[in-house]
Amino acid sequence: MGSSGVFSAEMPDEPSQVIVPLDADTAERLLSARLDPDDAPPGYAEVARLLQAAAAPADQIELTGQAAALNAFRTTHPGPTSPPLARPRPAPTPPRPRVPPPGPGAARTDRRAALAGREISG
């Protein structure tokens, strides 16, 4: 794994071809499988082919084993035997105690303390 946290096989340090950043419209067309691979920017033709194939409806050859696959899955992973349990609600947070606001002389006391600190440190 490289220093950037990416496997070198996934993203080489020096790609053989510069990867062009996509604008929002091109990215949207690519991800929605509406971008023809021939119209894709350099480096994105295979991505466009893959996304078009993934978005296409399944053909009969792909669906041949669907029933057997579903039966095997259902046999291996039976459904829940009872309804899921409800999550317990968290306990209510106790109210915070109210602190009375400072009295009228509090600001004066704070100012005197600040001035006294300045005189000591200065």
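The values are calculated or read from the model by the stated rules, or taken from the named source; none is laboratory data. Here the structure is a predicted model, which is why all the values come from computation and not from measurement. Positions of Cβ are generated from backbone atoms using ideal geometry, with glycine treated the same way; all protein chains shown enter the neighbour counts. Ligands, DNA and RNA are stripped out before the accessible areas are found, and what is left, the full protein with its side chains, is counted by its heavy atoms. Shrake-Rupley method; radii C 1.70, N 1.55, O 1.52, S 1.80 Å.
Going through ALA69, ALA33, ALA58 one at a time, which residue ends up being part of a helix (DSSP H, G or I), free of Cβ contacts under 8 Å to residues at least 40 places away in the same chain and open to solvent by less than 70 Å² (accessible area, probe 1.4 Å)?
After applying the criteria, what remains is ALA69.
Scan segment 74-85 and give yes if some residue there is surrounded by 10 or more Cβ atoms within 10 Å (Cβ to Cβ), at pLDDT 75 or above and out of contact with any Pro (no Cβ under 6 Å at 6 or more places or on another chain), otherwise no.
There is at least one residue in segment 74-85 that is surrounded by 10 or more Cβ atoms within 10 Å (Cβ to Cβ), at pLDDT 75 or above and out of contact with any Pro (no Cβ under 6 Å at 6 or more places or on another chain).
Looking at (1) modelled with pLDDT of 80 or more; (2) more than 30 Å from PRO37 (Cα to Cα); (3) over 28 Å from the mean Cα position of the chain (by Cα); (4) part of a loop (DSSP other than H, G, I, E, B), which is the only condition PRO90 fails?
It is condition (3) that PRO90 fails.
Out of all the residues in segment 55-66, is one or more touching a Lys or Arg at 6+ places or on another chain (Cβ under 7 Å), within 30 Å of ASP25 (Cβ to Cβ) and modelled with pLDDT of 90 or more?
Within segment 55-66 (the criterion being touching a Lys or Arg at 6+ places or on another chain (Cβ under 7 Å), within 30 Å of ASP25 (Cβ to Cβ) and modelled with pLDDT of 90 or more), the answer is no, since none of the residues qualifies.
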